[in-house]
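> Handing you a structure now.
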Amino acid sequence: MTVLDDTVATAAWDPCETWSRDQLVAHQTASLTRQLERVGRDSAFYRRRFAELGFDPRDVRSLEDLRRLPLTKKADYSASIAAAAPWGEFAAVPRERIARIHFSSGTTAAPVPQYWTAKDLERWADLYARYAHGQGIGPGDLFQCLFTYTWFVGGLGATAGFQRLGATVIPAGSQETERQIRTVFEFGTTVLCGTPSFMVHLGAVAREMGYDPAASTVRRIIVGGEPGGAVPATRRRIEELWGARCCDAYGSLEFQPIGFDCPVQDGPHLAEDFAYAEIIDAETGEPVEDGTPGVLVLTHLDKEAGPLVRWWTGDVVCRDSRPCACGRTHARLVGGVRGRADDMLVIRGINLFPSAVEEVVRSTPGLSDEYRIVVDASVRSADTGLPNAIRLQVEALADADATRVAAALAAAVKDRLRVRAVVETLPPGTLPRAQHKAKRLVVAP
Ligand SMILES: [Zn+2]
């Protein structure tokens with residue numbers, strides 16, 4: 001377990017961070033009752049859904065009562081947009097009270113909008129400030145934000161939070177790698193944020209430009225958008241490359257932000273005062289015990305403009321609700337987001353996520369940071385059509401013995417993940433470098 005050297009004593013930003021479990025549950029229950037009443041009255045989608053089910057929010061007595069409601073999935077949201085384009089039927093405030101609209105990144109479907117009132121934006125900024133404060137960031141820090149600012153939620157939320165904290169912000173966005181690097185060294189940036197793969201890429205380009213990232217003034221790197229921040233080997237790679245602590249951030253368009261590392265870095269803390277979290281079995285929908293991986297389902301407790309009830313995030317997590325050594329009591333997602341429920345491969349009965357493969361690739365010497373998992377006919381059983389191995393494409397470094405590295409990697413995957421891997425080594429620079437979210441899994445017929 002690593003502990004941020006100079007921030008162990010960082011006090012809570014919001015008193016709610018150290019509430020007892022009883023206080024938290026009381027807050028959640030009261031907020032949920034209020035929120036469901038409002039949502040059932042003001043959101044056309046939920047008004048209809050509650051009526052169809054005969055669900056009366058005034059009957060809610062405990063958090064468990066929420067389970068009487070069905071999940072809300074992305075398909076429900078998209079269908080509502082299609083039925084009442086372009087705004088959809090989820091919003092629970094009149095249009096003139098919507099202060100901000102962001103859109104999904106649209107990698108798998110047409111972009112859909114999400115809404116915030118002025119009060120929602122305040123809440124968002126405050127949650128970001130809470131998290132950054134918990135990582136020992138504050139006045140005097142120079143934050144260069146490399147999350148994108150256009151359409152999507154990344155950049156603006158972080159900017160508002162860091163401003164509230166009293167830090168200096170450079171809204172750099174996700175373009176122009178070389179200019180980003182020159183700015184880091186010329187202005188003395190102390191905090192960077194971006195996707196883990198982009199942070200690795202940025203460090204590599206800095207070296208090519210003749211800079212030493214480890215000798216820079218950067219002391220914190222906040223990563224999000226991919227599981228890498230919670231993959232120990234990837235975190236170590238970023239920390240060594242930059243000579244800075246790497247902290248994990250977790251959020252989505254719908255729940256922004258919802259989890260961040262504390263000084264103990266034993267899994268991001270959820271903001272349990274902002275959203276009620278259930279962890280459920282992907283197949284049965286039943287709640288799973290703490291310590292068992294399941295899909296995170298979230299319900300807004302006070303969001304005004306775009307409230308969601310039992311939102312299926314699709315992210316597989318493992319919860320620990322015990323108080324943390326940092327003093328905070330809100331539950332942690334141990335190991336961060338393990339992967340997407342959709343990205344989970346089942347290989348001969350073994351559940352496998354790309355993030356687990358990443359850990360093995362990045363702790364095997366002689367390889368670049370890039371990798372790709374391919375599941376195609378060559379690794380599928382002719383009888384069942386199910387995969388019985390993975391094809392793993394990696395890049396052997398120029399001075400490495402490619403055959404030996406491939407054998408070592410295959411053995412490590414077999415040993416640690418109990419899955420057979422057919423390893424292909426490629427020359428360095430062959431696999432695509434991602435500036436936004438890296439696509440690590442390719443599933444072909
Ligand atoms: Zn903690």
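> Taking the conditions exactly as written (among the hydroxyl-bearing types (Ser, Thr, Tyr), away from the ligand (no atom under 16 Å from the Cβ), modelled with pLDDT under 95 and more than 15 Å from the chain's Cα centre (by Cα)), does residue 364 satisfy them or not? Walk me through how you get there before you give the answer.
Values: among the hydroxyl-bearing types (Ser, Thr, Tyr): yes; away from the ligand (no atom under 16 Å from the Cβ): yes; modelled with pLDDT under 95: yes; more than 15 Å from the chain's Cα centre (by Cα): yes.
Yes; evaluated as a whole, the condition is true for this residue.
> So, of the residues in region 220-276 that are farther than 17 Å from residue 320 by Cα and among the acidic types (Asp, Glu), which turns out to be nearest to the ligand (Cβ to nearest atom)?
Per the stated criteria, the residue is 239.
> Something else: Condition check: charged (D, E, K, R) and without any contact (Cβ under 8 Å) to a residue 40 or more places away in the chain. Does residue 245 satisfy that? Walk me through it before giving the result.
Working: charged (D, E, K, R): yes; without any contact (Cβ under 8 Å) to a residue 40 or more places away in the chain: no.
So residue 245 does not fit the description; no.
> Would you mind stating whether residue 270 is buried (at least 23 other Cβ atoms within 10 Å of the Cβ) and farther than 22 Å from residue 142 by Cα?
On the way: buried (at least 23 other Cβ atoms within 10 Å of the Cβ): yes; farther than 22 Å from residue 142 by Cα: yes.
So residue 270 passes the test.
> I'd like to check something: does region 277-297 contain any residue that is hydroxyl-bearing (Ser, Thr, Tyr) and either away from the ligand (no atom under 16 Å from the Cβ) or outside any loop (DSSP other than H, G, I, E, B) (or both)?
Restricting attention to region 277-297, the residues satisfying the condition of being hydroxyl-bearing (Ser, Thr, Tyr) are 284, 292.
From the residues that got through so far, the ones that are either away from the ligand (no atom under 16 Å from the Cβ) or outside any loop (DSSP other than H, G, I, E, B) (or both) too are 284, 292.
Scanning region 277-297 turns up at least one residue that is hydroxyl-bearing (Ser, Thr, Tyr) and either away from the ligand (no atom under 16 Å from the Cβ) or outside any loop (DSSP other than H, G, I, E, B) (or both).
> Report yes if residue 197 is more than 16 Å from the ligand (Cβ to nearest atom), hydroxyl-bearing (Ser, Thr, Tyr) and buried (at least 22 other Cβ atoms within 10 Å of the Cβ), otherwise no. Please lay out each step first, then the result.
Details: more than 16 Å from the ligand (Cβ to nearest atom): yes; hydroxyl-bearing (Ser, Thr, Tyr): yes; buried (at least 22 other Cβ atoms within 10 Å of the Cβ): yes.
Yes; evaluated as a whole, the condition is true for this residue.
> Within region 302-338, restricting attention to residues that are assigned to a loop (DSSP other than H, G, I, E, B), away from the ligand (no atom under 16 Å from the Cβ) and in contact with a strand residue (DSSP E or B) (Cβ under 6 Å, 6 or more places away or on another chain), which residue is farthest from residue 352 (Cα to Cα)? Spell out the reasoning first.
First pass over region 302-338, keeping only residues assigned to a loop (DSSP other than H, G, I, E, B): 302-310, 318, 321-331, 334-338.
Subsequent filtering for residues that are away from the ligand (no atom under 16 Å from the Cβ) retains 302-310, 337-338.
Still in the running and in contact with a strand residue (DSSP E or B) (Cβ under 6 Å, 6 or more places away or on another chain): 305-310, 337-338.
On the way: 305: 37, 306: 34, 307: 33, 308: 29, 309: 29, 310: 26, 337: 13, 338: 10 Å.
Filtering first and then ranking leaves 305.
> Another one. Show me the helices (runs of 4 or more DSSP H) entirely contained within region 1-102 in which 2 or more residues are of a type outside the set (Phe, Trp, Tyr), modelled with pLDDT of 95 or more and surrounded by 14 or more Cβ atoms within 10 Å (Cβ to Cβ).
Hits in region 1-102: 21-42, 44-53.
The values are calculated or read from the model by the stated rules, or taken from the named source; none is laboratory data. Source: prediction; values computed, not measured. Note that we place each Cβ from the backbone using ideal geometry, even for glycine, and neighbour counts take in every protein chain shown.
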